[in-house]
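The values are calculated or read from the model by the stated rules, or taken from the named source; none is laboratory data. Bear in mind the structure is a predicted one, so any value in this text is a computation, not a measurement. When we count neighbours, we look across all protein chains shown, and the Cβ atoms used for this are built from the backbone with ideal geometry, even at glycine.
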Amino acid sequence: MLWTICVVLIILWLLGLVTGTTMGGLIHVLLVIAIIVVLVSVALSMTLLPALMALFADRLAKPGVVFGRGRTLEHGRRGGFWDRESRSVMNHPWTYLIVTSVFLILLSVPYWTQSRADGVGHGMKKGFSGIDAIPNGIPTKDAFNVLVAKFPTQSGAQSTAQVVIPDANTDTQITQQVQALDAAVANDSAFAKPQPPQTSQDGTVALIAIPFAGEATDSQSQAAVDAVTRLRDQYVPQAFGPKSGVLVGGDTASTKDFFDVSDQYTPIIILLVLGLSFILLTVVFRSIVVPAKAIVMNLLSVGAAYGLITLIFQEGGPSWAHSIANALNFTQVQAIESWLPLFLFSILFGLSMDYQVFLLSRIREEYDKTKDNAEAVAYGLRTTGGIITGAAVIMVAVFAAFASGRIAALQEMGFGLAIAVFLDATIVRSVLVPSAMKLLGDRNWYLPRWLQWLPKVDVEGRSAVVEVPEVSEPAGVAE
């Protein structure tokens, strides 16, 4: 599933290039580095790793080395922690399924319903935090705040909205338009007085730079984005007419365009990833129930991460959430970084599907041997639980390092990744998966007759592929 991560990251990177936005050098660097790391990891796993394993085959595991009560670590141990845990869950599947599902759904509620600091709308507000992303006490932020406070109308001279007027044929026309625009923005505290217009050499195009003022001086802030929105939707139409063809550009306008394009393509990218994942899992496990269940569970963990990010980092939430943020030394901001939700989705969904394939492969191979669904689930969990948990601990520790930084964007990213991996490796894999598979029984492997033509794929490349028993019409399931 590393390819899932890579594909979505490439789409995100290309999205920033195609739209010509100024998402920020940091974001582009993160995306490029992530793409390179994933590609290199895939290449090494297919070349260097097999070569090393062949070279040191006799030394990878010494004969006679056992773990626990004479059981090898690879095949798990009956009666061990993961075996007892999975059987305990399967003894009360409805209770565990309902409680954990409700818990994850409640964690996601702030993403949809939390109040915002500006009082407009509810749920996660996406944007760029600008100077607010830097914690208080940093000289850069302190100097910026002093500059805005002491020079409210001059501080935005280097941060302007660019108004491009086509067909500016006469000086009289330009003068009238500039006067109308001056009047339109005169009462808006986010703008200073427009600069004198500059006309192209052929006299057909004019450029008017309007400096930002006050809080909008930070061109990446939500205040600046809102100011450009007003300029495009209200002031320019008032001054030039609704169909004048006048354009508004600049860094802040590019930021707004990125928001709009991101909002437009995010649902498409998510549906594309979900669809491809469903098709792949259907082919690998010859079931339509397993992929659907895996997607729902992954969305639950991602949704919980979104909700907790909104609750902890976005201003406007309950006071106790603000206290938690202060205790963890997190910076609360008016808007969550616009690139973060899709970035997190790509990483988390790829990791979750990786865990899912690893776990379900063990369950499926045991089910093929015993035809006992409950025993297969217990086997799968006890043989993978320790490995999945160990990998999750490493990733949580790495992501927590990002969350311990002082920049809000990196805190949000690190916290979101850490909490989602933690929930996915504990609640989802240890509770939701065994309880749901216990309740579904043989229906887990249901494949309609009209899909029987799908090839039988061995995801781990064993030389002898076990014949998969087809469960095409289980009781109570219609084609």
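Details
- Residue within the stretch 428-436 that is hydroxyl-bearing (Ser, Thr, Tyr) and either closer than 13 Å to Leu348 by Cβ or under 20 Å from the mean Cα position of the chain (by Cα) (or both) present: no
- In the stretch 303-317, of all residues being surrounded by fewer than 23 Cβ atoms within 10 Å (Cβ to Cβ) and modelled with pLDDT of 90 or more, the one that is nearest to the chain's Cα centre (by Cα) corresponds to Gly303.
- Filtering the stretch 313-353 to residues that are closer than 30 Å to Ile387 by Cβ and aliphatic (A, V, I, L, M) leaves Leu328, Leu340, Leu342, Leu344, Ile347, Leu348, Leu351, Met353.
- Within the stretch 360-371, one or more residues are surrounded by 18 or more Cβ atoms within 10 Å (Cβ to Cβ), touching a helix residue (DSSP H, G or I) at 6+ places or on another chain (Cβ under 7 Å), part of a helix (DSSP H, G or I) and among the β-branched types (Val, Ile, Thr).
- Which listed residue, of Ile394, Ile388, Ile407, is in contact (Cβ under 8 Å) with a residue 24 or more places away in the chain, over 20 Å from Ile312 (Cα atoms) and in the same structural domain as Val421 (by TED's automatic domain parsing): Ile388
- When the stretch 98-129 is limited to residues that are small (Gly, Ala, Ser) and assigned to a helix (DSSP H, G or I), the one that is farthest from Ile336 (Cα to Cα) turns out to be Ser101.
- Every residue from the stretch 364-404 that is within 23 Å of Ser435 (Cβ to Cβ) and of a type in the set (Ser, Thr, Tyr): Tyr367, Thr370, Tyr379, Thr383, Thr384, Thr389
- Among the candidates Val228, Val289, the residue that is outside the structural domain of Pro110 (by TED's automatic domain parsing), at pLDDT 90 or above and crowded, with 17+ Cβ neighbours inside 10 Å is uniquely Val228.
- Test: Ala392 is in contact with a Ser or Thr (Cβ under 7 Å, 6 or more places away or on another chain) and within 18 Å of Val357 (Cα to Cα): no
- Residue, surrounded by the fewest Cβ atoms within 10 Å (Cβ to Cβ), within the stretch 340-357, restricted to residues that are more than 13 Å from Ile269 (Cβ to Cβ) and hydroxyl-bearing (Ser, Thr, Tyr): Tyr355
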